[in-house]
Every structure is written in C-alpha cells, then in structure tokens.
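The values are calculated or read from the model by the stated rules, or taken from the named source; none is laboratory data. These numbers come from a predicted model, not from an experiment. Ideal geometry is used to build each Cβ from the backbone, glycine not excepted, and the neighbour counts take in all protein chains shown.
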Amino acid sequence: MDFALIGLGLRAAIFMEVKQVGRANDGDRQLFEYAFHEGVPVCVLTDGREWSFYLPSWQGSYDDRRVYRLQLDDRSPEEARSVLSRYLLHNSVINQTAFENARRDHQAIAGKREALAVLPRAWSDLITEGHELLVETLVDKAEALSGYAPSGADALAFLQTLTSSGAGRPVAENKSSASVATASLLPDIPQSPSKAAAPDDRSITYMIFGEHRNARNASVALVDVLRCIARRDPAKLVEVSAAVKTPKRSHVARSPQEINQGRPDLARAAEIAPGWLVGLNIANRDKMMIIRAACRIYGIAMLEELDINLPNA
C-alpha cells in the first residue's frame with residue numbers, strides 16, 4: 001500500500017497502490033488482505049494511466065470486486081474528472097459518499113453481470129416451455145413472409161429444434177426463394193371470428209354478450225373482444241388507453257408510434273375502433289389485463305357478459 005485517503009475519525013477510507021506502467025491489472029493480494037483486515041472499504045490500483053477501483057470486502061475474484069476501470073488514454077478530460085471525483089473527491093471520502101457511490105455502482109454491475117449470465121438459460125426455457133408470445137410471434141412472422149400460417153405445434157417444434165441442436169439460432173433463409181410478402185403493422189384480423197372455425201392448438205373459445213365464438217389465437221380474440229366492447233361507446237377508449245398505459249408503452253393508442261415509441265415496427269397493432277389501435281406484441285397476461293380494464297370502464301360483468309380465459313394469463 002502506497003497511499004491512504006483519510007475519512008471520518010482520521011481512519012483510512014481508501015487504500016491506493018501505485019504500479020509500474022502497464023501493470024495496473026495485476027492484483028495485489030497483500031493490498032486486498034490488508035484493506036479487508038483494516039476495514040478499509042475501497043482500494044485503488046493504478047499505473048497513472050489506468051485506474052481500477054475495488055471493494056475488497058466483496059466476494060469473488062479481483063474482477064468480481066472491481067467497481068470501475070478508468071483508462072485515461074481513452075477518455076476525455078471531463079469524463080476522467082467525473083470518475084475520479086466520484087470515488088476520490090476529498091469531501092466525498094470524508095462523508096463516505098465515495099464508498100456509497102462505489103457500492104451502488106458495484107451492485108449495478110453485479111446485477112447486469114447476473115442478467116447477462118442467465119440470458120442463454122432464459123432463451124432455452126422460453127423455447128422449451130413454448131412461451132405463448134414467442135410461438136405467436138413466430139407464427140405471425142411466418143404468415144407475413146409466406147402468406148400462410150404454420151400451426152402453433154409446428155412453430156413450437158421448430159423452436160425446440162433450436163435447443164436440441166444446441167445452436168439456439170434459426171437456419172438461414174434461402175435467398176433464392178420466391179419474393180417475400182411485406183409484413184404490415186396492421187395484420188389482417190377477421191372482423192368477426194367464425195363460430196365454426198376449426199380450432200387448433202392455440203385457438204381460443206369464449207363468450208361475449210351471449211354469443212359463443214372461436215378465434216385462432218389470443219391476439220385475434222383480444223381484437224374481437226375490444227371491438228365488440230368499443231361499439232358500445234368508442235369515446236370511452238380514451239379511459240381504457242389511460243388505464244392500461246405503462247411507463248414503457250401505451251397498449252391502446254391512436255398509432256403504432258404511441259404504442260411502442262422506440263420500435264413502432266414491433267407494435268403489431270390492429271384496429272379496434274376508428275382511429276384506435278391495440279398492440280399485439282404482448283404476453284397473454286397483458287392481453288387479459290387490457291380486457292379486464294375495458295370491462296371495468298364499460299361496466300361489463302366478467303363471466304356473465306364476457307367469459308374468456310387466455311393461456312398462461
């Protein structure tokens with residue numbers, strides 16, 4: 001240990017080790033052990049050009065305990081000053097704000113590392129479990145490209161081959177095939193699903209206003225239900241839109257851009273009343289949330305006037 005920054009009670013708050021140029025990444029076991037036993041919360045390893053900030057009491061390797069790595073050669077003076085001030089500013093060291101900054105930053109990094117680590121498992125589980133939204137999205141995309149919709153069972157079987165093959169990636173498209181149809185933001189959803197429609201593995205049977213209906217999937221059912229409800233008073237869709245809005249998206253809105261501001265092309269919006277759309281690129285639990293909100297606002301009794309259940313909702 002070469003330097004110590006003193007905090008409250010004239011106790012060391014930060015230990016700093018200065019390395020030869022090019023050796024800033026070399027973990028100094030003695031420094032970490034000394035800091036741990038002395039109760040010093042933050043350590044710094046630097047060669048003057050690279051600065052690494054650590055929480056020595058945390059578990060794991062040196063990399064696991066690193067809070068931040070600052071390479072002065074790659075940063076502007078303003079960025080470098082901001083980082084160094086965040087962890088080393090005199091007043092922040094004295095009042096322990098520097099340590100709190102380091103702790104919060106480390107927790108954020110650890111959380112991101114954990115999230116990235118489980119992404120392959122999350123993708124595998126989605127495929128293996130046949131997540132409704134994943135299967136539905138794949139079917140809709142295939143229908144948009146070819147004009148024909150594969151069955152949900154075929155889409156699920158294809159997804160499961162990605163896991164069994166270990167690749168996790170779909171086979172590349174044959175570029176020599178016939179011209180591809182352009183997908184629309186407003187998919188062609190029947191105005192009134194046929195009561196005699198042959199159900200498949202994703203079909204939904206439900207009752208609305210005394211009439212029993214069948215839709216080929218949850219999205220078609222959602223659109224039909226909202227259209228039936230909205231006919232009673234289209235003006236109330238303003239209330240529905242406000243009730244189902246989330247910080248990230250507006251499920252019921254007047255344009256795909258409002259439904260998904262960042263990626264309107266992913267909204268997969270369908271019209272439920274003149275000038276009103278509902279986004280379909282959502283899980284079934286969100287579709288049921290929209291239906292329940294609409295029933296509440298329109299005064300529709302669930303089970304009596306509308307009886308519908310969506311899988312995994």
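Checking Leu280, Leu303, Leu310, Leu266 one by one, the residue that is among the aliphatic types (A, V, I, L, M) and exposed (fewer than 13 other Cβ atoms within 10 Å of the Cβ) is Leu303 and no other. When the criteria are applied in full, Arg231 meets the requirement of being out of contact with any helix residue (DSSP H, G or I) (no Cβ under 8 Å at 6 or more places or on another chain), surrounded by fewer than 21 Cβ atoms within 10 Å (Cβ to Cβ) and in contact (Cβ under 8 Å) with a residue 24 or more places away in the chain. Residue pairs whose Cβ atoms lie under 9 Å apart, sitting 6 or more positions apart in sequence or on different chains, and linking a residue in region 4-21 that is assigned by TED's automatic domain parsing to the domain that holds Asp47 and among the aromatic types (Phe, Trp, Tyr) to a partner that is surrounded by 11 or more Cβ atoms within 10 Å (Cβ to Cβ) and assigned to a loop (DSSP other than H, G, I, E, B), are Phe15/Met1; Phe15/Asp2; Phe15/Val40; Phe15/Pro56. Do you know which residues across region 76-108 are surrounded by 14 or more Cβ atoms within 10 Å (Cβ to Cβ) and over 15 Å from Ile14 (Cβ atoms)? If the condition is that a residue be surrounded by 14 or more Cβ atoms within 10 Å (Cβ to Cβ) and over 15 Å from Ile14 (Cβ atoms), then Ala80 is the only one that fits. Of the strands (runs of 3 or more DSSP E) lying entirely inside region 203-291, those containing at least 2 residues that are under 28 Å from the mean Cα position of the chain (by Cα) span 269-273, 276-279. Of all the listed residues (Ile282, Ile272, Ile259), the sole one being assigned by TED's automatic domain parsing to the domain that holds Arg231 and touching a residue at least 60 places away in the same chain (Cβ under 8 Å) is Ile282. Taking first residues from region 49-73 that are assigned by TED's automatic domain parsing to the domain that holds Val21 and over 16 Å from Lys19 (Cα atoms) and partners that are surrounded by fewer than 19 Cβ atoms within 10 Å (Cβ to Cβ) and not hydrophobic (A, V, I, L, M, F, W, C), the Cβ contacts under 7 Å between residues at least 6 apart in sequence or on separate chains come to Leu55/Arg103; Trp58/Asp64; Val67/Asp105; Tyr68/Asp105; Asp73/Arg49.
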